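A quick write-up on the structure given underneath.
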Amino acid sequence: VRHIACNGGLYNRPFNESFEETPMLVAVLTYMGYGILTIFGYLRDFLREWKIEKCHIAREREEQKDFVPLYQDFENFYTRNLYMRIRDSWNRPICSVPGAKMDLVERVSHDYNWTFEYTGKVLKDVINLGSYNYLGFAENTGVCAEAAAEVTKKYGVGVSSTRQEIGNLDKHEELEKLIAKFLGVESAMAFGMGFATNSMNIPALVGKGCLILSDELNHASLVLGARLSRSTIRVFKHNNIQSLEKLLRDAIVHGQPRTHRPWKKILIVVEGIYSMEGSIVQLPEIVALKKKYKAYLYLDEAHSIGALGPNGRGVVDYFGLDPRDVDVMMGTFTKSFGSAGGYIGGKKELMDYLRTHSHSAVYATSMSPPVVEQIIASMKCIMGEDGTTIGRERVRQLAENTTYFRRRLQEMGFIIYGNSDSPVVPMMLYMPAKIGAFGREMLKRNIGVVVVGFPATPIIESRARFCISAAHTKEMLDMALSVISEVGDLLHVKYSRRRILP
Amino acid sequence: YQYLPVTALYMLEPWERTVFNSLLISVAGMAVYTGYVFM
Amino acid sequence: MNSRGMWLSYVLGIGLLHVILLSIPFASVPVVWTLTNLIHNMCMYIFLHTVKGTPFETPDQGKCRLLTHWEQMDYGIQFTASRKFLTITPIVLYFLTSFYTKYDRVHFVVNTVSLLTVLIPKLPQLHGVR
């Protein structure tokens, strides 16, 4: 448990984060489960090898056997023998907007999930606890949708050119001015894809002779961007300030390996909310560190922008810090604005440099105008510039829903990870079979959840991950909580040893 | 029902569960027999 | 290999293997101990020193595809806690087996050869050697 009180120090609010340890018996049983599944996986591979069992997965034909193998056989072992068995809980087709409630296309499998068939029926009004829809802007009615429809008629949907050529529309410039105002920075730049915003811009910011200090649980796009930049990468423990400071001191004292020249730049890369852990970055301390050691700070607010802070301005707003303390503010429009794409904000000279040097600005086609309009409309709503208080109410509603949902789950006895203010709520399941069972049992009771297992999480930390939305009403949350409690009793996943009194 | 998720048999196909359970029962039977003979 | 409960599960797994072998009515105690030692070392050799790559896709662009599990452990750093633990367990098992087989010559030779097959690949000098 990490508890930091706000006693006039760096923090202006209490910081409560907990990662309860896996019970030892559960850990041993989890390894046993994976052991049994591995043994049967090898048995199945043996039967496929000797053609005793039909092999459904892609393989080379006999005539191709002499060529370089197309498929890494062992690398698919896990997919073939473990994931396949429970993959009906993943990639479920939906036929509505991913709002607070959604409609799922019903599908069945007659060969243990190797192939699926649609039954033609639709599962109506499934409560959606899996989608990233923090402020509830994923809706096909209302101001945003009408604004996007208007722009579609006026501009069309495709731009088919890059920002540096004729793909630079007035809508894009309007959006970028609005983002800069929303973030409180000098200038901002928008990109058509959240992942690419990281992986294409980090190589434009740092290169050889630079050092990247990256959190160990950073998103794959940050990892890819760091690797593409050919900088030296050092990883510090998740959200661990001591580990980060130690790396910073070593970097400054020893400089570059072998030559011991000082690093050209040191870039600290962190995320605002870690979507798999539900934890919030300890930004005040990291800002204090970067000032002390003269490093740069790259903050990825993919999940926290719009979802955190009294004004929805993200983790900087949540801690009441100055946006100018963060050198590169990055975020996406996917999770809170019901749209797509990403942005980078910071000083004007930095943005002008990125406009000329970023891969995305040079090669990627610009954002589609209706998508841009959706962002503009939802961002104005959050800022209150549309003359209503809808945005502010949604921000408040989300904070309320989050606190309520987390507290109730802990009272029930589940092990919940992360920060008490994070709208991403990981609930621990541990055993591989319970991942599939939880997803299925919840859908039977008309609740859609996302479950995550190894290798996306450590082998003994499989979990269900609830994403709370401002669009969830209290009735929906209570319904969901009662179903989660019922399924939790059925599967015996109320592992917490810390009983919180109601 | 608890036995299935805890041992991960929940994810196996019926014939695999039969194989596993018969193995388990035969090992348990042998253990009991050997224990008896040993005592 | 150093996540919580892994070492305990590993020791329990060896104990379970031994109990299963012990429950074979016609097997004598020395044979059971030697079988435990041989099966354990064979599994260790296969899973740690033969199988290469990972059973799932990793985002490191195939960097570890040609490395055994032992070489991938702890990012290749030598003398970590897990490495020491996995080096010591076959030795302890060997001592137990030698004791319970009453240092019979045949068992001793078989068990010693089996022990060497899992100790030699663990030497830091052989890291990455094919």
Requested in this report: Considering only region A:98-126, state which residues are out of contact with any helix residue (DSSP H, G or I) (no Cβ under 9 Å at 6 or more places or on another chain), assigned to a loop (DSSP other than H, G, I, E, B) and in contact (Cβ under 8 Å) with a residue 40 or more places away in the chain.
Outcome: A:P98, A:G99, A:D111, A:T115
Query raised in the report: Pick from region A:282-335 the residues that are of a type in the set (F, W, Y) and in a strand (DSSP E or B): which of them is nearest to A:L183 (Cα to Cα)?
Result: A:Y298
Report summary line: Residue pairs qualifying under the 9 Å Cβ cut-off, at least six apart or on distinct chains, with the first in region B:20-37 being closer than 22 Å to A:G41 by Cβ and the second being aromatic (F, W, Y), are B:F20/A:F40
**Report entry** Pair list, Cβ < 7 Å and 6+ apart or interchain, from region C:115-130 residues that are more than 14 Å from C:H40 (Cβ to Cβ) to residues that are modelled with pLDDT of 95 or more and among the aromatic types (F, W, Y)
**Finding:** C:P121/C:W70; C:K122/C:W70
Query raised in the report: Which one is farthest from A:G225 (Cα to Cα), of the residues in region A:166-185 that are outside any helix (DSSP H, G or I) and in contact (Cβ under 8 Å) with a residue 12 or more places away in the chain?
Result: A:L169
Report summary line: Of the residues in region C:63-122 that are outside any helix (DSSP H, G or I) and within 20 Å of C:G53 (Cβ to Cβ), the one that is nearest to the chain's Cα centre (by Cα) is C:T68
Requested in this report: Go through A:R85, A:R92 for me and flag whichever is within 14 Å of another protein chain (Cβ to nearest Cβ), under 17 Å from A:E441 (Cα atoms) and buried (at least 16 other Cβ atoms within 10 Å of the Cβ).
Outcome: A:R85
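Each row is one residue, and each column tells you yes or no for (1) within 14 Å of chain A (Cβ to nearest Cβ); (2) under 20 Å from A:T38 (Cα atoms); (3) in contact with a Gly (Cβ under 8 Å, 6 or more places away or on another chain).
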| site | (1), (2), (3) |
| --- | --- |
| C:L17 | yes, yes, no |
| C:L22 | no, no, no |
| C:F26 | no, no, no |
| C:V31 | no, no, no |
| C:Q61 | yes, no, no |
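Against the condition among the hydroxyl-bearing types (S, T, Y), closer than 29 Å to A:P455 by Cβ, over 31 Å from the mean Cα position of the chain (by Cα) and part of a helix (DSSP H, G or I), how does A:Y42 come out, does it pass?
Criteria met by A:Y42.
Mind listing whichever residues of region C:51-103 are among the basic types (K, R) and closer than 30 Å to A:Y71 by Cβ?
Scanning region C:51-103 gives C:K52, C:K63, C:R65.
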Report summary line: Exception for A:S485 within (1) hydroxyl-bearing (S, T, Y); (2) crowded, with 19+ Cβ neighbours inside 10 Å; (3) more than 14 Å from chain B (Cβ to nearest Cβ) falls at (2)
Query raised in the report: From the list C:Q78, C:Q72, which residue is within 14 Å of chain A (Cβ to nearest Cβ) and either surrounded by 14 or more Cβ atoms within 10 Å (Cβ to Cβ) or free of Cβ contacts under 8 Å to residues at least 60 places away in the same chain (or both)?
Result: C:Q72
Report summary line: Among A:L70, A:L47, the single one that is at pLDDT below 85 and away from chain C (no Cβ under 11 Å) is A:L70
Requested in this report: Have a look at A:Y31, A:Y42 and point out the one that is loosely packed, with under 14 Cβ neighbours inside 10 Å, within 14 Å of another protein chain (Cβ to nearest Cβ) and either in contact with a Phe, Trp or Tyr (Cβ under 9 Å, 6 or more places away or on another chain) or under 22 Å from A:I435 (Cα atoms) (or both).
Outcome: A:Y42
Query raised in the report: Is it true that A:R59 is farther than 30 Å from A:R498 by Cα, more than 14 Å from chain C (Cβ to nearest Cβ), buried (at least 19 other Cβ atoms within 10 Å of the Cβ) and in contact (Cβ under 8 Å) with a residue 12 or more places away in the chain?
Result: no
Requested in this report: Any residue in region A:442-463 that's at pLDDT 95 or above and part of a strand (DSSP E or B): show its pairings with residues that are surrounded by fewer than 18 Cβ atoms within 10 Å (Cβ to Cβ) and β-branched (V, I, T) at Cβ separation under 6 Å, as long as the two are six or more apart or on different chains.
Outcome: A:R463/A:V452
**Report entry** Residues (over 17 Å from A:Y274 (Cα atoms) and either touching a residue at least 60 places away in the same chain (Cβ under 8 Å) or charged (D, E, K, R) (or both)) located in region A:416-437
**Finding:** A:L429, A:Y430, A:M431, A:P432, A:A433, A:K434, A:I435, A:G436
Query raised in the report: Applying the selection to region B:5-19, what residues are assigned to a helix (DSSP H, G or I) and facing another protein chain (nearest Cβ under 7 Å)?
Result: B:P5, B:V6, B:T7, B:Y10, B:M11, B:E16
Query raised in the report: What is the one condition in (1) within 18 Å of A:F454 (Cβ to Cβ); (2) touching a helix residue (DSSP H, G or I) at 6+ places or on another chain (Cβ under 7 Å) that A:I57 does not satisfy?
Result: (1)
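Of the residues that make up region A:25-35, is at least one part of a loop (DSSP other than H, G, I, E, B), touching a strand residue (DSSP E or B) at 6+ places or on another chain (Cβ under 7 Å), in contact (Cβ under 8 Å) with a residue 24 or more places away in the chain and not aliphatic (A, V, I, L, M)?
no
The values are calculated or read from the model by the stated rules, or taken from the named source; none is laboratory data. Values in this document were obtained by computation on a predicted structure and should not be read as measured data. Note that we place each Cβ from the backbone using ideal geometry, even for glycine, and neighbour counts take in every protein chain shown.
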